[in-house]
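A short worksheet on the structure shown next.
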Amino acid sequence: MKTLLDRARRNPALALGVAIAIIIGAAALFPGLFSQTSPLEIDMGRALQPPSTAHPFGTDHVGRDVYSRVVHGAGVTLGIVSGSLALSAIFGGLTGLFAGYLRGFSDLATGQFTGVILSFPPIFLGVMITGILGSSVANLVVAMAIIYFPLFVRVARSSTMVEASRSYTEAAQVLGAGDLRVIFRHLLPNVLPAVLTQYIILFPLALQIQAALGFLGLGVQPPTPDWGASLQESKDYVLFASWTAIFPGLALILSSLAVILIGRGLQSKN
Amino acid sequence: MRRFLLFRILASALTLLLASLAVFLMVRAVPGSIVETMMGQMGSTEGEAALRRFFGLDQPVYMQYIDWLSRVLTGDFGVSWRQGSPVLSLVFGAFIVSLQLALMVLVVSSLIGVPLGLLAGYLAGGVIDTIIQSFNVLFLATPVFWLALMLLFGVSALFHWSPPTIYASPGRSLSDNIVILLLPMLSLAFLQIAAYAQFVRQHVVEAMQQEYVRALKARGVPPKVILGKHVLRNILVPLITFMGLIFIQILGGVVVIESIFGLPGLGRLLVNALYARDFPVVQGALAMILVSAILINLLVDVLYHAIDPRLRT
């Protein structure tokens with residue numbers, strides 16, 4: 001954390017990313033600090049009003065406050081993305097760890113299984129899973145966790161293979177440590193950075209998929225203030241009430257942007 | 001080369017087989033409930049058993065799969081539960097629409113994105129590089145469907161124009177067809193231009209450090225020739241792999257934006273079939289996507305062996 005701030009001081013793009021991330025993160029965790037208006041309160045009398053002091057981002061087709069919906073959407077959208085990617089990272093990371101260490105049959109089987117998942121373009125896999133199983137938050141999380149599972153397996157596996165050939169692993173084995181001890185005690189801490197980097201790289205991509213599924217009506221369902229779902233609702237009004245679409249989209253862009261900038265900043269050497 | 005090709009085709013076939021099994025099992029997890037929906041409250045056990053026989057659900061699952069697969073291999077994807085027409089012709093007609101759009105996006109984004117990447121890589125660290133990189137990051141962060149909405153809004157606000165909502169195939173009227181595909185093409189192209197530019201830039205920056213570029217520079221070869229002839233040729237292999245990835249990504253993007261512009265493509269077909277629970281169409285559309293994604297990957301591998309003389313045996 002400290003190194004992150006140190007680096008941010010020297011790298012303005014990274015600093016910008018961190019700043020945006022802090023603001024959006026705060027909105028996700030404490031939406032009440034940013035907006036006291038309810039994101040769900042319907043008032044047909046004030047439908048589709050342009051931005052004003054009372055409603056800084058205007059109101060949507062049923063008179064809900066767009067600003068409040070964008071603020072409350074942060075927790076929903078980003079919560080789903082970070083949660084499902086975390087699931088993916090845990091299961092994919094462990095699978096890659098075991099496959100890369102044990103090799104042999106389990107490695108081949110894992111390779112074939114992840115190959116099948118990877119043969120589907122990501123968005124189709126998402127559409128297929130949420131479309132067939134039905135659109136609910138749980139199915140959405142499962143779908144997204146499955147989409148990114150192979151990419152975590154790959155990173156963890158190749159990193160494990162590198163670490164397993166190092167002398168510290170050999171030393172642990174010679175001293176009589178069992179496979180499980182070698183994997184969890186010695187390899188896991190060394191493979192973790194690669195998995196975390198992958199998490200940051202995949203986050204903006206997963207956010208796009210989450211939003212696209214919401215937009216197709218296959219993700220989070222209205223009236224939950226999910227950004228993608230809000231955009232789906234705004235689709236028919238964009239020509240004459242553009243604010244209903246502009247702001248949830250900007251929230252998506254800023255979130256992706258923040259993570260992309262942080263990822264780039266961490267990968268660059270200085 | 002021939003052995004490699006044979007191996008790759010067999011590997012692709014195995015992946016396709018396993019993926020089709022995944023699609024089959026997933027879709028098959030549902031028809032049981034469809035029988036129940038159809039029977040509703042009045043369902044008799046005999047009626048339910050008859051329906052199960054009708055859908056082939058009384059057979060063990062592996063038999064059902066073998067049966068389905070053998071019919072698919074002869075081109076019989078069944079009949080749409082909603083429209084009654086053969087799935088194959090529905091899916092194929094829709095695929096052509098998506099494919100045309102995807103190819104247009106691929107051509108336009110390659111023609112713009114690759115030169116931008118070459119330029120940014122050659123001028124790495126300069127003002128132009130910073131501008132191109134900011135463009136990249138911005139469009140990599142922008143959801144394609146949101147850009148599509150904004151383009152619709154922008155065009156209507158600025159020029160008081162909206163694209164026609166009735167699709168015209170290029171066979172019927174090429175000019176109408178291009179006009180309809182213009183905004184969808186633009187919505188998708190920005191992201192892919194950014195992706196190309198970023199990818200090419202990174203490879204050019206690496207190539208610029210290498211001996212052969214420094215030698216060319218020392219000999220006074222103009223930058224245009226260095227970039228266009230020597231560097232481009234050296235990054236061609238990774239570029240082709242990347243093009244394959246981009247193309248699959250475009251196909252995915254096409255699916256998301258088709259409904260916005262009312263294009264009768266594969267994505268709209270798939271999403272509508274999912275809403276309507278029309279599973280033969282869902283299976284057919286997914287099979288089409290899988291086959292094309294796997295074919296693209298195969299093609300990329302073959303091309304790259306044909307291009308790189310070091311890989312020839």
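A few points about this structure:
- Residue check: A:Lys235 meets all listed conditions (1) facing another protein chain (nearest Cβ under 9 Å); (2) under 23 Å from the mean Cα position of the chain (by Cα) but one, namely (2).
- Qualifying residue in the stretch A:100-122 (condition: in a helix (DSSP H, G or I), more than 12 Å from chain B (Cβ to nearest Cβ), crowded, with 17+ Cβ neighbours inside 10 Å and aliphatic (A, V, I, L, M)): no
- Close contacts from the stretch B:139-156, counting a first residue that is more than 7 Å from chain A (Cβ to nearest Cβ) and a second that is assigned to a helix (DSSP H, G or I) and of a type in the set (Gly, Ala, Ser), with Cβ to Cβ under 7 Å and a gap of 6+ residues or different chains, come to B:Phe139/B:Ala194; B:Val144/B:Ser187; B:Val144/B:Gly253; B:Leu147/B:Ser187; B:Ala148/B:Ser187; B:Leu151/B:Ser187.
- Selection of the stretch B:120-139 for residues being surrounded by fewer than 20 Cβ atoms within 10 Å (Cβ to Cβ) and not β-branched (Val, Ile, Thr) yields B:Leu123, B:Ala124, B:Gly125, B:Gly126, B:Asp129, B:Gln133, B:Ser134, B:Phe135, B:Leu138.
- The stretch B:273-313, residues that are of a type in the set (S, T, N, Q) and more than 23 Å from A:Ser119 (Cα to Cα): B:Thr313
- The stretch B:74-109, subset of a type in the set (Ser, Thr, Tyr) and crowded, with 20+ Cβ neighbours inside 10 Å, residue farthest from B:Leu236 (Cα to Cα): B:Ser80
One line per residue, one yes/no per condition, for (1) away from chain A (no Cβ under 13 Å); (2) touching a Gly at 6+ places or on another chain (Cβ under 6 Å); (3) farther than 28 Å from B:Ala285 by Cβ; (4) free of Cβ contacts under 8 Å to residues at least 60 places away in the same chain:
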position	(1), (2), (3), (4)
B:Ser98	no, yes, no, no
B:Ser109	yes, no, no, no
B:Tyr122	yes, no, yes, no
B:His160	no, no, yes, yes
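- A single member of B:Val155, B:Val179, B:Val225 is assigned to a helix (DSSP H, G or I), more than 22 Å from B:Ile307 (Cβ to Cβ), open to solvent by 30 Å² or more (accessible area, probe 1.4 Å) and not hydroxyl-bearing (Ser, Thr, Tyr), and it is B:Val179.
- Scope the stretch B:241-260; condition open to solvent by less than 20 Å² (accessible area, probe 1.4 Å) and not β-branched (Val, Ile, Thr); matching residues: B:Gly244, B:Leu251, B:Gly252, B:Gly253, B:Glu258
- Where a residue in the stretch A:239-263 is within 9 Å of another protein chain (Cβ to nearest Cβ) and its partner, wherever it lies, is part of a loop (DSSP other than H, G, I, E, B) and hydroxyl-bearing (Ser, Thr, Tyr), with Cβ under 7 Å and at least six apart: A:Ile253/B:Thr142
- Looking across A:Gln173, A:Gln198, one residue alone is part of a helix (DSSP H, G or I) and without any contact (Cβ under 8 Å) to a residue 24 or more places away in the chain. It is A:Gln173.
Listed here are the residues, each with its yes/no results for (1) under 19 Å from A:Pro204 (Cβ atoms); (2) acidic (Asp, Glu).
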{"position": "A:Gly214", "(1), (2)": "yes, no"}
{"position": "A:Leu218", "(1), (2)": "no, no"}
{"position": "A:Pro222", "(1), (2)": "no, no"}
{"position": "A:Asp226", "(1), (2)": "yes, yes"}
{"position": "A:Ser234", "(1), (2)": "no, no"}
{"position": "A:Tyr237", "(1), (2)": "no, no"}
{"position": "A:Trp243", "(1), (2)": "no, no"}
{"position": "A:Pro248", "(1), (2)": "yes, no"}
{"position": "A:Ile253", "(1), (2)": "yes, no"}
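- Matching residues in the stretch A:202-248 - criterion: being in a helix (DSSP H, G or I), over 26 Å from A:Ala145 (Cα atoms) and in contact with a helix residue (DSSP H, G or I) (Cβ under 9 Å, 6 or more places away or on another chain): A:Ser234, A:Lys235, A:Tyr237, A:Trp243, A:Thr244, A:Ala245, A:Ile246, A:Phe247
- Condition met for A:Ala211 (touching a residue at least 40 places away in the same chain (Cβ under 8 Å), under 22 Å from B:Gly267 (Cβ atoms) and either touching a Phe, Trp or Tyr at 6+ places or on another chain (Cβ under 7 Å) or within 9 Å of chain B (Cβ to nearest Cβ) (or both)): yes
- Scanning the stretch A:215-224 for residues that are open to solvent by 10 Å² or more (accessible area, probe 1.4 Å) and either under 17 Å from A:Phe247 (Cβ atoms) or basic (Lys, Arg) (or both) gives A:Pro222, A:Pro223, A:Thr224.
- For B:Pro238: the one exception among (1) within 13 Å of another protein chain (Cβ to nearest Cβ); (2) open to solvent by 10 Å² or more (accessible area, probe 1.4 Å): (1)
- Taken over the stretch A:123-149, the criterion of being open to solvent by less than 40 Å² (accessible area, probe 1.4 Å) and more than 18 Å from A:Leu85 (Cα to Cα) is satisfied by A:Met128, A:Gly131, A:Ile132, A:Gly134.
- Residue match in the stretch B:220-243 (condition: under 30 Å from A:Gln232 (Cβ atoms) and free of Cβ contacts under 8 Å to residues at least 24 places away in the same chain): no
- For the stretch B:191-206, residues that are open to solvent by 60 Å² or more (accessible area, probe 1.4 Å) and of a type outside the set (S, T, N, Q) total 1.
- All positions within the stretch B:124-134 that are in contact (Cβ under 8 Å) with a residue 60 or more places away in the chain, in a helix (DSSP H, G or I) and not β-branched (Val, Ile, Thr): B:Asp129, B:Gln133
- Any chance A:Ala26 is among the aliphatic types (A, V, I, L, M) and at pLDDT below 85: no
The values are calculated or read from the model by the stated rules, or taken from the named source; none is laboratory data. Everything numeric in this text was worked out from a predicted model, so none of it was measured. Using ideal geometry, Cβ is built from the backbone for each residue, glycine included, and neighbour counts are taken over all protein chains shown. We work out accessible area using only protein heavy atoms, side chains counted, and drop any ligands, DNA or RNA first. Shrake-Rupley method; radii C 1.70, N 1.55, O 1.52, S 1.80 Å.
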